[in-house]
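Enquirer: To start, I am sharing the structure in question, which I have written as structure tokens.
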Amino acid sequence: MSLRPIPDNARADLARGGSGLAVGDAATRLAAQGPNDILVAPAASWKETLGDTLRDPMIWFLAGVSVLFAVIGDYAEATVLALALVPLMGMDAWLHRRTQASTQGLASRLATQAVVIRSGAAHLVSAQDVVVGDVVEVQAGEPFPADGILVEGAGVQVDESAMTGESWPVRKVVFSGSPVPPALDMTHWCLAGTRLLTGPARVRIVATGRETLYADIVRSALLGPHALTPLQQSAGRLVAVMLRGAIALCLLLAAVRLVQGHGLLDAFLSAVTLAVAAIPEEFPVVMAMFLGVGVYRLARRKALVRRAVAVENIGRLTCICSDKTGTLTEGRLALAHVVPASGHPQVDVLAVARLAARAESGDPLDLALLEGAPVASLRRLAAFPFTEDRRRETCIVDAGDGLLVAAVKGAPETVFGLCDGGLDPGPWRAQLESLAEGGHKVIAVARRDLNAGEDVTREPTGGYTLLGLIAFEDPVREGVREAVARCQAGGIRVIMVTGDHPLTARAVARDIGLGGGDPHVLLADAIDGPVSAAALAQADVVARATPSQKLKLVQALRAAGESVAVTGDGVNDVPAIKAADVGIAMGERGTQSAREVASIVLLDDNFRTIADAVAEGRQLFVNLQLAFIYLLLVHIPLVLSAALVPLLDNPILYLPVHVVILELVIHPTALLAFQQAATGGLRPIPREGPSHFFPFHTWLRVAGSGLVLSAMLVAAFEILSAQGAGEAEARSVVLAMLVVWSAAMALALNRSTRGISAVIPIVSAALVVLLVQMPVLSGYVHLAALGALDWAAIAVSSLLAAGLAVFTRASLHARTLHA
């Protein structure tokens, strides 16, 4: 069962059943608890969008240069530059709004009003005024305003697709028990953000506002600024190096242009234009957006990120220490095997066992026995419940025709002792050992026929006939075997950490594929003392583990060089969760303390979700690598050609408007064209993990390819100028080369000709080609239409650019890119 804790302040209300609060009590609680705000982000106003857009330094550069041209009387150039602000600001605003789409989507499923039962009457109130303890009446098609427990309703089904991604309706069960347990199965819960399909239903609210599960999703989409992650720090160092190089080039260019006699204005424009072209503002922007996309994608996979660094860390995990119950298994008992005695069919064994089971007991074993069974029609005359001392449960029923039946189930040794003296327990003990080795919980079942006149107030303590054994198991969750295999194929060790008996732990580990089907079990007591590296390296299972031993295990694994994720759900798991590289808390059954210290919270408590999250983390790193290679292969030739052509005493190669055109191509391509989602198996990574962007030999290929491309641009300008081509024509060829190269390299790096990965670079390049070829437009931006031979040469050069991109990409860790 998937259990979720009930807040202590709500348990007393839940024991009252379906009666609502008094109006005055509700008002007092609202003042004390505050409004039921799920903390959704308000829709961004145009002022906020404009403010974010104006933070782009490119916009201020264009505005300043436009004003400068107006001051010196060149109104045509000033107008062109001012008009160029429109598409640039439009693109920035669109990208900003795009990053808020996930948050606005999350807000769209929340209730705005609710019908509450107060002082015995129904009241329509704002959803913000719902408080803990309210009884809310929900009709079919309406969303639930907060998290609550179903207390009235028949055949209730709920659409939980917004929370779990599952499209099938989820059946809910009315809770009417007493006393109220500290946690309830999710079949009783109705959650904010989900919608009632069949109703009406009444729900007792137990969590509002920030305490709802939906609020966790919203907060994960609204992660604010945090400490810089390791990759962000690496990006910062890269940007700092590029900035220092750009400043040196700008100062050199300005000085040389003055010496060459081009005047102060030319020197200033040359230096400022080069500076803006060289400013690597895309790198931190791409980094921030990719991390945001990673957070959103992990939330879609039911893993809520509480700290941005987890998006990086989970991609370089080498070891996962996972709980067994509820994470690898379903956390419930299910009937697995029936071993009947000779002459007794399985159906009789089950029928008698069910006579001794009571649904109202809440015993998971009784519930597993009764699951799917027809309702018993026999009248129960007496019941003698299970206790730890008795280790059995006995019920006496009227079987009709003057026959009474005493049915008993319980611990095998206890039931064996109640049976006739002719029973030989030896063969049964062999069966018990076999089932125990398979990780099963086993009971024995027996019956005794009584006469109608016998005293049913006293439990029969002998004379029973053994009918057989029934074995139960905690089933392995669907998809866990495949998820474990994915992790192992991706170079990740999976260690099951459990408090269970070694035999039970080994059986489950063998079932999910740990240790190649022959798992090595390490008793947790061995961790209390010095543990050898060899024993640690061989362990597939740590059994009989206590929370303190779990912490020592995590510390020992990290000391051995592993990057460790650990799962936990209780307060006593908090130290291990904090000590891990990635602490993972259970969202369904986890405590608030565990969720607060964890960097990731699982919505479904399923190990498969961890494997999916690792896949997304590793794909994020690959996407970042490809986006950064693209930016470097475009920026290096852009900056070097912008500096070298004027340094060779030629006219300024890129005017401010040309830098704008290039930015309109580079920005959307870098931000949107490298957003591949994780599919299939886990991409293996180098053992040292992605602590840096590239290995050294990749940097060498980036630099070499950038220099080759730069030389081609400068050579093209010099050759065309020597052949008598005009300044506008030579500039158009160089600009067109760079734009077409951008599209070719993006396609080559992505290896995709479908979807947004292909559309963005192709459309961007096509628009620039159209601009160059339309005389009515190209003249305004100091360009000239090109001939067929020019375009043919550009096309051929783009093949070389694509080849260099592929050459650079191949230097990355091969397994990282080809999984």
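Enquirer: Out of the stretch 463-494, which residues are more than 22 Å from Leu335 (Cβ to Cβ), surrounded by fewer than 20 Cβ atoms within 10 Å (Cβ to Cβ) and touching a strand residue (DSSP E or B) at 6+ places or on another chain (Cβ under 8 Å)?
Expert: Hits for the stretch 463-494 are Gly463, Gln488, Arg493.
Enquirer: Report the residue count in the stretch 781-811 for those that are assigned to a helix (DSSP H, G or I) and surrounded by fewer than 17 Cβ atoms within 10 Å (Cβ to Cβ).
Expert: Residues of the stretch 781-811 assigned to a helix (DSSP H, G or I): 781, 788-809.
Filter once more, keeping what is surrounded by fewer than 17 Cβ atoms within 10 Å (Cβ to Cβ): 788-789, 791-793, 795-796, 799-800, 803, 806-807.
The total comes to 12.
Enquirer: Inspect the stretch 335-354 for any residue being closer than 29 Å to Gly587 by Cβ and touching an Asp or Glu at 6+ places or on another chain (Cβ under 8 Å) and give the result as yes or no. Reasoning before the result, please.
Expert: Restricting attention to the stretch 335-354, the residues satisfying the condition of being closer than 29 Å to Gly587 by Cβ are 335-336.
If we keep only those that are touching an Asp or Glu at 6+ places or on another chain (Cβ under 8 Å) as well, we get 335-336.
Yes: one or more hits.
Enquirer: Within the bounds of the stretch 456-469, is there any residue that is under 21 Å from Thr394 (Cα atoms), at pLDDT below 90 and of a type in the set (Asp, Glu)?
Expert: There is no residue in the stretch 456-469 that is under 21 Å from Thr394 (Cα atoms), at pLDDT below 90 and of a type in the set (Asp, Glu).
Residues are listed down the side, and each one gets a yes or a no for (1) modelled with pLDDT under 85; (2) in contact with a helix residue (DSSP H, G or I) (Cβ under 8 Å, 6 or more places away or on another chain); (3) of a type in the set (D, E, K, R):
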site	(1), (2), (3)
Ala183	no, no, no
Leu196	no, no, no
Ala221	yes, yes, no
Leu228	yes, yes, no
Gln260	yes, no, no
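Enquirer: Looking only at the stretch 345-362, count how many residues are charged (D, E, K, R) and open to solvent by less than 50 Å² (accessible area, probe 1.4 Å).
Expert: 1
Per-residue answers, yes or no, for (1) surrounded by fewer than 21 Cβ atoms within 10 Å (Cβ to Cβ); (2) among the β-branched types (Val, Ile, Thr); (3) modelled with pLDDT of 80 or more; (4) farther than 26 Å from Leu735 by Cα:
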{"position": "Gln625", "(1), (2), (3), (4)": "no, no, yes, no"}
{"position": "Leu638", "(1), (2), (3), (4)": "no, no, yes, no"}
{"position": "Val659", "(1), (2), (3), (4)": "no, yes, yes, no"}
{"position": "Ala677", "(1), (2), (3), (4)": "yes, no, no, yes"}
{"position": "Gly689", "(1), (2), (3), (4)": "yes, no, no, yes"}
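Enquirer: List the residue pairs whose Cβ atoms are under 7 Å apart, where the first residue sits in the stretch 482-508 and is in a loop (DSSP other than H, G, I, E, B) and modelled with pLDDT under 90, the second is among the small types (Gly, Ala, Ser) and crowded, with 24+ Cβ neighbours inside 10 Å, and the two are 6 or more positions apart or on different chains.
Expert: Thr498/Ala505; Thr498/Ala545; Gly499/Ala545
Residue-wise test of (1) under 20 Å from Ala805 (Cα atoms); (2) open to solvent by less than 10 Å² (accessible area, probe 1.4 Å); (3) among the hydroxyl-bearing types (Ser, Thr, Tyr); (4) at pLDDT 90 or above.
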site	(1), (2), (3), (4)
Val645	no, yes, no, no
Pro651	no, no, no, no
His667	yes, no, no, no
Arg683	no, no, no, no
Phe694	yes, no, no, no
Leu700	yes, no, no, yes
Gly706	yes, yes, no, yes
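Enquirer: Report, by residue number, each residue of the stretch 597-614 that is part of a helix (DSSP H, G or I) and open to solvent by less than 10 Å² (accessible area, probe 1.4 Å). Full working, then the answer.
Expert: Kept after step one, since they are part of a helix (DSSP H, G or I), are these residues of the stretch 597-614: 597, 607-614.
Listed by number, the residues that qualify are Phe607, Thr609, Ile610, Ala611, Ala613, Val614.
Enquirer: I need a count of the residues in the stretch 385-405 that are within 20 Å of Val442 (Cα to Cα) and surrounded by 12 or more Cβ atoms within 10 Å (Cβ to Cβ).
Expert: Counting residues in the stretch 385-405 that are within 20 Å of Val442 (Cα to Cα) and surrounded by 12 or more Cβ atoms within 10 Å (Cβ to Cβ) gives 8.
Enquirer: Name the single residue that is surrounded by the fewest Cβ atoms within 10 Å (Cβ to Cβ) among those in the stretch 512-522 being over 26 Å from the mean Cα position of the chain (by Cα) and at pLDDT 90 or above.
Expert: Within the stretch 512-522, the match that is surrounded by the fewest Cβ atoms within 10 Å (Cβ to Cβ) is Asp518.
Enquirer: Please identify the pairs in which a residue from the stretch 452-463 that is assigned to a loop (DSSP other than H, G, I, E, B) has its Cβ atom under 7 Å from the Cβ atom of a residue that is at pLDDT below 85, counting only partners at least 6 apart or on another chain.
Expert: Ala452/Gly402; Gly463/Asp420
Enquirer: Where in the stretch 103-157 are the strands (runs of 3 or more DSSP E), entirely inside, with at least 2 residues that are open to solvent by 10 Å² or more (accessible area, probe 1.4 Å) and at pLDDT 90 or above?
Expert: It comes to 113-118, 121-126, 147-153.
Enquirer: Got a sec? Which of Leu274, Leu252, Leu238 is more than 33 Å from the chain's Cα centre (by Cα) and modelled with pLDDT under 80?
Expert: So the residue among Leu274, Leu252, Leu238 that is more than 33 Å from the chain's Cα centre (by Cα) and modelled with pLDDT under 80 is Leu274.
Enquirer: Further question on the same structure: Can you find, within the stretch 408-447, the residue that is surrounded by the fewest Cβ atoms within 10 Å (Cβ to Cβ) among those that are in contact with a Ser or Thr (Cβ under 7 Å, 6 or more places away or on another chain) and part of a strand (DSSP E or B)?
Expert: Cys419
Enquirer: Filter the stretch 326-344 down to the residues that are open to solvent by 60 Å² or more (accessible area, probe 1.4 Å), in contact with a helix residue (DSSP H, G or I) (Cβ under 9 Å, 6 or more places away or on another chain) and either at pLDDT 85 or above or polar (S, T, N, Q) (or both) and list them by number.
Expert: Of the residues in the stretch 326-344, the ones open to solvent by 60 Å² or more (accessible area, probe 1.4 Å) are 332, 335, 337, 342-343.
In the following step, the residues that additionally are in contact with a helix residue (DSSP H, G or I) (Cβ under 9 Å, 6 or more places away or on another chain) were identified as 332, 335, 337.
Matches in the stretch 326-344: Leu335, His337.
Rundown of residues vs (1) over 22 Å from Gly568 (Cα atoms); (2) free of Cβ contacts under 8 Å to residues at least 24 places away in the same chain, yes/no style:
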site: Leu514; (1), (2): no, no
site: Ala526; (1), (2): no, yes
site: Val531; (1), (2): yes, no
site: Ala543; (1), (2): no, no
site: Pro547; (1), (2): no, no
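Enquirer: Could I ask something else about it? Consider Val769 carefully, then state whether it is assigned to a helix (DSSP H, G or I) and open to solvent by 60 Å² or more (accessible area, probe 1.4 Å).
Expert: no
The values are calculated or read from the model by the stated rules, or taken from the named source; none is laboratory data. Worth saying up front: this structure is predicted, and the values here are computed from it rather than measured. Don't worry about glycine lacking a Cβ; one is built from the backbone with ideal geometry, like all the others, and counts go over all protein chains shown. For accessibility, only protein heavy atoms count, side chains too; no ligands or nucleic acids. Shrake-Rupley method; radii C 1.70, N 1.55, O 1.52, S 1.80 Å.
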